[in-house]
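Data first, discussion second: the structure below is written as structure tokens.
The values are calculated or read from the model by the stated rules, or taken from the named source; none is laboratory data. All figures in this text were calculated on a predicted structure; none of them were measured in a lab. We place every Cβ from the backbone using ideal geometry, glycine too, and count neighbours over all the protein chains shown.
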Amino acid sequence: MTSFDPTAEYSAIREGVAKVCEAFPGPYWQDLDARRAYPKDFVDALVREGYLAAMIPEEYGGSGLGLTAAAVILEEIHRNGCNAAACHAQMYTMGTVLRHGSDAQKQRYLPGIADGSLRLQAFGVTEPTSGTDTLALKTRAERDGDHYVVTGQKIWTSRAEHSDLMVLLARTTPKEEAASRTAGLSVFLVDLRDHIGKGIEIRPIRTMINHATTEVFLDTVRIPADALIGEEGQGFRYILSGMNSERILIAAECIGDAKWFLKKGSDYARERSVFGAPIGANQGVQFPLARAYAHMLAAEAIVYRAAAMYESGLNPGVEANTAKMLAADASWEAAEACLQTHGGFGFAEEYDVERKFREARLYQVAPISTNLILCYIAEQVLGLPKSYGDKRS
Ligand SMILES: Cc1cc2nc3c(=O)[nH]c(=O)nc-3n(C[C@H](O)[C@H](O)[C@H](O)COP(=O)(O)OP(=O)(O)OC[C@H]3O[C@@H](n4cnc5c(N)ncnc54)[C@H](O)[C@@H]3O)c2cc1C
């Protein structure tokens, strides 16, 4: 029988992930949320079952699966009310090492990442003064013999306190001396264990969600020259090449969230009776849920199309960005419909709706904000003048 579900072949993965999630119901997340604590047991369970190593090639101890399988894993985590934000970076940040690292770096790091003995959760790109304008970042890495000396500051470096390694983007050539607008930045794999309290200071940022995000201060940190990934000066290109996969994976999480909100909302609409009838009998309650479902279905199609294009070796920048925007919009619309359906109970922690509602809001802003996606589509697809950053192409 023909299946129109592009993820049909991964149904066993869906079932396996759902089984892991069963052990981490709402009260587990509510407790962590109240304490702003890291879901270590949940992350350990995913590592044990091999899910975070899905995309690591088999020769390094992973499952060697593609982006669609990884997207299914993350979608399913969110569909089951859990949150992959605590660990999703391990899936895509690893790609920087896999695609651009040397053989020695791959041998040294990937097996440990695959078996969970090495945590690569931290991705240090954003800085307080440059924000979305990555090329304006100020963290400097200067070569000094067999080392680079790194000084600067990162912000929103999520999970840095729960990571052994951090992928760091820093400037190695001053902007005015760089060969081109996008040259002069380099990527390093920094072993945080060597430097915390000795040049690297991590300060948690308390946010409206439980996201383990931090500021990272680097003060003349001496990192070995072999921490450089790929060629010096090409870091921006390497980071960009990983962004499509990141956007597709985050979009899959948004689809999972939308499905969770829609189930939660429609279950409640069937059960809750006011004025002698289920509230779901009112079109005013049905329509927002139905509309959100339709938007989720359309977004899901583009998410898995982008994943398939990525897997076939294409560079689906437009599709990955579109998928991220539409999926984030769909999850936010479903969140709104679900909360409204719950009335006052939507605000009560024990229903999980308010927590998921706060969590879903993030994806309008990170890892790339909706405006910047629209800027990209306007410029790249519609041929409109570039409206952001340095206007040189
Ligand atoms: C919880 C959380 C976790 C994060 N985790 C990480 C992480 O692990 N690693 C990391 O490196 N970063 C991380 N980020 C950073 C995230 O990627 C940025 O917050 C995001 O890219 C936006 O950057 P900014 O906050 O500096 O906003 P700004 O760049 O200051 O932008 C502010 C607003 O202005 C709009 N804007 C800016 N320029 C334009 C323009 N030209 N046209 C139209 N609108 C514009 C933006 O859309 C945005 O809404 C995280 C952020 C959060 C909140």
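Q90 meets all of the listed conditions (1) modelled with pLDDT of 95 or more; (2) within 14 Å of the ligand (Cβ to nearest atom) but one, namely (1).
Which of the helices (runs of 4 or more DSSP H) contained wholly in segment 18-107 include at least 3 residues that are closer than 24 Å to R247 by Cβ? Full working, then the answer.
On the way: elements: 26-35, 40-48, 67-79, 89-100.
Those helices (runs of 4 or more DSSP H) span 40-48, 67-79, 89-100.
Of the residues making up segment 173-185, those that are touching a helix residue (DSSP H, G or I) at 6+ places or on another chain (Cβ under 8 Å) and either modelled with pLDDT under 95 or surrounded by fewer than 24 Cβ atoms within 10 Å (Cβ to Cβ) (or both) number 5.
Test G95 against the criterion of being within 16 Å of the ligand (Cβ to nearest atom), within 18 Å of S186 (Cβ to Cβ) and not hydroxyl-bearing (S, T, Y), and give yes or no. It is true that G95 is within 16 Å of the ligand (Cβ to nearest atom), within 18 Å of S186 (Cβ to Cβ) and not hydroxyl-bearing (S, T, Y). Just checking, how many residues over segment 100-124 are of a type in the set (K, R) and either touching a Cys at 6+ places or on another chain (Cβ under 6 Å) or crowded, with 16+ Cβ neighbours inside 10 Å (or both)? Total satisfying the criteria: 2. In the same structural domain as T182 (by TED's automatic domain parsing) and closer than 26 Å to G64 by Cα: is that true of D144 in this structure? When the stated conditions are applied, D144 does not pass them.
Just one of the listed residues (T7, T96) is of a type in the set (S, T, N, Q) and within 19 Å of the chain's Cα centre (by Cα), namely T96. For segment 362-387, a tally of residues being closer than 18 Å to V125 by Cα and of a type in the set (G, A, S) returns 2.
Here G116 clears all of (1) within 16 Å of the ligand (Cβ to nearest atom); (2) within 19 Å of the chain's Cα centre (by Cα) except the condition numbered (1).
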